[in-house]
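See below for the structure under consideration.
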Amino acid sequence: MKQYGSLHYRENLKRRSYTNLQKRTIVTALEQGRMTIKEAQSAYGIRSGRTIRGWLLEYRSEKVEICTENTPPMAREKASPEDPEKAALQNALQQAELKIKALNTLIDVAEEQLKIDIRKKSGAKQ
């Protein structure tokens, strides 16, 4: 069948790969309730609902990772109210780290959508 089957049959044998942007679009549509897994399968030509469920788990864990505070318990205890300058600096550092993570995500999405390299490659000639 692979050799003599119809064009439609041979195209369906190939394993499709989806970009991160496509995956995120599907996952956000599902999370917002705009479509179900079955509707996403038929709309985007995905064979298995298991694939979509895997993406849901992957991107949910990514969102949790962005939202959770990753400071160790010992560091929380050391921040005392006696040192407001240190607490302000730590707060500023946490905000900067979140901003960097958000900007990196934005650059990744922009690179996928526009299909250009935004980040400077190491070893580039000047």
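The values are calculated or read from the model by the stated rules, or taken from the named source; none is laboratory data. Note that the structure is predicted; figures quoted are calculated from it, not measured. Because the Cβ atoms are built from the backbone with ideal geometry, glycine has one as well, and the counts that use them run over all protein chains shown.
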Is there a residue in region 58-78 that is surrounded by 10 or more Cβ atoms within 10 Å (Cβ to Cβ), hydrophobic (A, V, I, L, M, F, W, C) and at pLDDT 85 or above? no
Right, Arg10: over 23 Å from Glu58 (Cβ atoms), modelled with pLDDT under 90 and surrounded by 12 or more Cβ atoms within 10 Å (Cβ to Cβ) or not? yes
